[in-house]
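As structure tokens, the structure follows; a few thoughts come after it.
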Amino acid sequence: MNSLEQVYDREFRVRGLREQGWGRGLVGAAALIWLWVAYLLVFPFSIERSAGVKPIECESRAFHQDGRYKVSYQDDEGERCNAERDWGPILAALLLSLPLATVGTALYASGTAAVRTSAYATDMARLKATKEI
């Protein structure tokens, strides 16, 4: 390969690696959001009240039913616990994570394809050079 081809190949590979990095970052951000949502759904929590008053203990949204009968979270834990862990922010976080995960996956796949294509082109050029000698 001549020097211009080498420069282009290096830039192509660097751009692919950069895309991979952005893809990893966006998928990592989506994963952090998913972990936060899982924390909100799975772990019990308490609601602080005024000073000197015992805080309200609430079960998790996922594991609040101890009995045989299925009741809603609001009926089981009460209005204050239901209002503290409302579905709106949880679903909003999940909706925010979907574009991050989608774009991150696409960038990572595109970057990986670019790096592999560059490696393939370099190998083919080496084979062609050794064949000519």
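Expressed as a whole percent, the proportion of Cα-Cα pairs in region 1-46 lying more than 17 Å apart is 58%. In a fully extended conformation the segment linking Leu98 and Ala51 would gain 12.9 nm over its present Cα-Cα distance, using 0.36 nm per residue. Quick one: go through region 19-42 and flag any residue whose amide nitrogen is under 17 Å from the point 7 Å out along the Cα-to-Cβ line of Ala109. Under 17 Å, as judged by backbone N against the label point of Ala109, lie 19-28 of region 19-42. Applied to region 36-52, the Karplus parametrisation 6.51 cos²θ - 1.76 cosθ + 1.60 on θ = phi - 60° returns per-residue 3J(HN,Hα) values of 5, 5, 4, 4, 5, 7, 9, 8, x, 8, 10, 10, 6, 10, 5, 4, x Hz, with x for Gly and Pro.
Measuring with a 1.4 angstrom probe and ignoring ligands and nucleic acids, Tyr39 comes out at about 90 Å² accessible.
Between the labelled values (1) 118; (2) 161; (3) 95, the entry that holds volume of the Cα convex hull per residue in Å³ as derived from this structure is (2).
Residue separation times 0.36 nm, minus the C-alpha to C-alpha distance between Ser3 and Tyr120: what's the value? Separation in residues times 0.36 nm, less the Cα-Cα distance, equals 40.3 nm.
The values are calculated or read from the model by the stated rules, or taken from the named source; none is laboratory data. Being a predicted model, the structure only gives us computed values, none of them experimental. Cβ: placed from backbone, ideal geometry, glycine included. Neighbour counts: every protein chain shown. The accessibility values were calculated without ligands, DNA or RNA, using every heavy atom of the protein model including side chains. Shrake-Rupley method; radii C 1.70, N 1.55, O 1.52, S 1.80 Å.
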